[in-house]
1. Ratio of alpha-carbon Rg to the 2.2 N^0.38 Å globular estimate for segment 152-267, to two decimals, please.
2. Placing +1 at every Lys and Arg Cβ and -1 at every Asp and Glu Cβ, with all other atoms neutral, what dipole size does segment 211-274 have around its Cα centre, in debye to the nearest 20?
3. Please give the per residue accessible area of segment 131-215, computed with a probe of 1.4 Å over protein heavy atoms only, in Å².
4. Work out the length of the dipole vector of segment 105-203 about its Cα centre, built from +1 on the beta-carbon of each Lys and Arg and -1 on the beta-carbon of each Asp and Glu, and round it to the nearest 20 debye.
5. Enumerate the amide H contacts of LEU89 below 5 Å, restricted to partners 5 or more residues apart or on another chain; note that Pro and chain-start residues carry no placed amide H.
6. Find which of GLY214, LEU241, PRO227 sits farthest along the positive direction of the dipole of segment 182-261, computed with +1 on the beta-carbon of Lys and Arg, -1 on that of Asp and Glu, about the Cα centre.
7. Ignoring any ligand, DNA or RNA, what whole percent of the accessible area of segment 136-194 comes from carbon and sulfur when the probe is 1.4 angstrom?
8. What's the whole-number percent of alpha carbon pairs in segment 105-194 lying beyond 14 angstrom?
Amino acid sequence: MDYPQIAQRVFHTPLLAAPAKAAAFVAGFGPRLLGGPVTIEGAEATKEARSRPVASVLDERLEDEIRAGRRSPFRSIDGVAVIPVTGSLIHRGSYIGESFSGHQTYEGISAQLTAAAESPMVRGVALELDSFGGEVAGCFELADEIRALSAQKPVWAFISAHAFSAAYAIASQADRIIIPRSGGAGSIGVICMHADQSERLEASGVRVTVISAGAHKGDGNPYEPLPEAVREDLQRECEDLRQLFAETVAEGRGARLTVEAALATEARTFIGGQAVEAGLADEVDNPRAAFERFVAQINGRPAPAPRTASKQGAETMSEPTSTSTPPASPTASAPAQPAPAATAPEQPAPAPAADAPQAPAPAAPAGPSAADERARISAILNHPEAKGREDLAKSFAFESDMSAEAAGKHLAAAAKQGAGQALSSVMESETTDLDAPPSASGETLRMADVAKSRTAK
């Protein structure tokens with residue numbers, strides 16, 4: 001195992017990783033990397049952070065194929081590409097999916113996204129997340145790719161267990177985020193670790209002299225205590241990256257989670273309904289049930305409403321909502337008030353004088369008018385993309401508050417009635433070695449080209 005390469009990816013460099021995961025890594029590999037006992041300050045490893053991630057809960061066959069080293073660029077289920085984002089996330093590596101060491105690369109995920117974007121058989125993309133995060137390099141560029149893809153095809157993110165730090169940056173670019181009751185999301189922050197080996201080296205009689213050219217070339221070296229000035233420089237770098245992180249999240253979430261709201265979380269993590277209330281997720285539901293609902297909608301089939309809590313967002317697609325004008329009853333739209341304490345019977349108010357001016361009735365709360373609602377429904381039902389997708393158009397019109405523009409986008413991505421793919425019970429297994437041999441012309445194939453060729457069969 002290449003310990004120096006692992007060490008340089010972890011120490012003295014900013015990471016988009018949950019503190020518990022960073023602590024778990026140091027606790028497990030620290031003695032091997034540093035040659036002695038390691039003391040961790042400022043973080044604590046949790047049981048969940050030490051566990052091995054599962055490749056997929058949406059499709060259990062994927063786990064065996066990844067472990068065996070044979071799988072397609074992505075699993076396609078009824079026109080939906082399932083792309084897992086699991087394990088520790090790193091920038092580069094010539095493989096797709098999770099490696100045997102539990103790493104997954106942004107480069108490999110990008111290749112899958114490119115193949116899904118270019119495949120005419122893919123009408124939607126499901127991102128399945130179970131990761132505590134990883135490296136900064138490559139993360140925000142991948143987030144940009146997902147946001148661009150969501151403008152072409154619907155993209156939903158399904159958190160199977162955790163989507164922390166870099167994994168949440170990826171999830172935040174989806175049209176909709178579903179989280180289970182016990183799932184976690186957040187950690188919108190940056191962490192950097194410094195290994196001070198000076199005392200251990202001194203005890204063993206070893207003195208290391210760092211010789212460098214440039215006043216800051218030796219900053220953060222592990223052979224001496226971290227100077228305060230260098231610590232402040234690293235702190236500023238982390239703060240700059242946190243700002244970029246929050247801006248990236250806001251690009252994907254929009255009004256649901258602004259830059260200010262993302263920064264205000266102070267890198268906290270949120271569980272289940274807490275994530276929905278904080279704007280980090282849109283719905284609490286079982287990932288499998290929500291995925292089946294997504295597949296049904298993509299294929300123009302009726303889909304059941306969410307079975308658990310959901311928060312309204314710009315892309316709420318399945319939960320019925322009332323958009324009609326409130327009834328004239330004075331208590332119809334008034335918020336519930338706590339029952340008053342028992343008091344003496346209230347005396348009736350004296351009748352106003354006949355010539356006294358009457359107080360105007362309180363204005364009803366603002367809301368969409370019946371005319372506006374009829375116009376929205378008509379625009380969806382008569383949208384050009386609704387032809388051949390009438391059932392899905394009716395679902396969008398009558399069972400959601402989706403705008404005609406948003407409905408048109410999803411209608412265009414859905415198969416016309418009668419044209420959907422049958423759900424395959426057996427998927428073809430293929431090798432995923434991306435170091436493809438040169439073509440007959442001597443040209444080396446791109447990773448995305450190799451992935452695309454496997455979906456064209």
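1. Ratio of Rg to 2.2 N^0.38 Å for segment 152-267: 1.48.
2. Dipole size: approximately 320 debye.
3. That works out to 38 Å² for each residue.
4. Rounded to the nearest 20 debye, it is 580 debye.
5. GLN104, GLY133, GLY134, GLU135
6. LEU241
7. 49 percent
8. Numbers: 2517 of 4005 pairs.
Beyond 14 Å sits 63 percent of the P(r) for segment 105-194.
The values are calculated or read from the model by the stated rules, or taken from the named source; none is laboratory data. Computed from a prediction, not measured in an experiment: that's the story for all the values here. Glycine gets a Cβ as well: all are built from the backbone with ideal geometry, and neighbour counts include every protein chain shown. Surface areas here come from the heavy atoms of the whole protein model, side chains and all, with no ligands, DNA or RNA. Shrake-Rupley method; radii C 1.70, N 1.55, O 1.52, S 1.80 Å.
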